[in-house]
Amino acid sequence: MPELPEVEVVRRGLERWIAGRTVTEVEVLHPRAVRRHPAGGADFAARLKGQRFEVARRRGKYLWLPLADTGTSVLGHLGMSGQLLVQPEDAPDEKHLRIRMRFEDSAGTELRFVDQRTFGGLSLHAETPDGLPDVIGHIARDPLDPAFDDDAFQSALRLRRTTVKRALLDQSLISGVGNIYADEALWRSRLHYDRPTGTLTRPRSAELLGHVRDVMNAALAVGGTSFDSLYVNVNGESGYFDRSLDAYGREDEPCRRCGTPMRRRAWMNRSSYFCPRCQRPPRATA
Ligand SMILES: [Zn+2]
């Protein structure tokens, strides 16, 4: 699954190559790619025809393209393998091309939604007063959003009767943090994933939030540098970034801080990676 930094790179690509362009034609090549649009592919195509895309927006891992002056947006679901590609019009079709959009200008490029596993897709939604597609109206701001409220987050964290990694993955509390970046931020913060949030002091939660931002910004910096030369590969493919990770995926490898072998534990149908020495389990579950 793409995480926030990967999705942000896709958004930047769309901002650069698609913003301001008017759709002339939409081809839906696989019905599953528009299954979240109940009226079907023909209706989806008809509604987009003649509409102009504004600058792509993102919240957490959600990405959408507002349609100018309509109060509606096209929401992109990247799923496990979805990609939004800006390709020359004469480039051969990808094997798993699902949706194609052509534009009325002479830029010579088109927008393609490619998805091998077809878990992803595009759908059209009315916008909330905040300008979000209605189906993601409940998603909290992400920590890279300038309007993210640090104080409110820290207070909410302390009041929730939950554990710290669950809280980081709770998209109604803070969005955009996935399993990988949660493990990275917890390792940097020396916090065990099962630490009750009620036991976090203000300085500790502030430090954690800082580390969440740092790991995301570091990933963005890597994606940002490879982006200019890869514009035709504007995608949300997992593993797109050459991440350098300190915790995630490092089972049995030495902790980069203390040398203790890192551990992996099954956690909510996923894995949590941590250093048993730097990230002591809370007493209640030890
Ligand atoms: Zn350690």
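With respect to the conditions (1) aromatic (F, W, Y); (2) outside the structural domain of R263 (by TED's automatic domain parsing); (3) touching a helix residue (DSSP H, G or I) at 6+ places or on another chain (Cβ under 8 Å), Y181 lacks only one, and its number is (2).
One line per residue, one yes/no per condition, for (1) buried (at least 23 other Cβ atoms within 10 Å of the Cβ); (2) more than 17 Å from the chain's Cα centre (by Cα):
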position	(1), (2)
A126	no, yes
A147	no, yes
S175	yes, no
A182	yes, no
W187	yes, yes
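Filtered by the rule that a residue be of a type in the set (A, V, I, L, M, F, W, C) and within 15 Å of the ligand (Cβ to nearest atom), the range 258-276 gives C258, M262, F274, C275.
Inside the range 121-178, residues that are under 30 Å from E27 (Cα atoms) and assigned to a helix (DSSP H, G or I) make up a count of 3.
Can you confirm whether the range 277-284 contains a residue that is part of a helix (DSSP H, G or I), away from the ligand (no atom under 15 Å from the Cβ) and modelled with pLDDT under 95? Yes, that holds for at least one residue.
The values are calculated or read from the model by the stated rules, or taken from the named source; none is laboratory data. These numbers were taken from a predicted model, which means no experiment stands behind them. Note: ideal-geometry Cβ built from the backbone for every residue, glycine included; neighbour counts use all protein chains shown.
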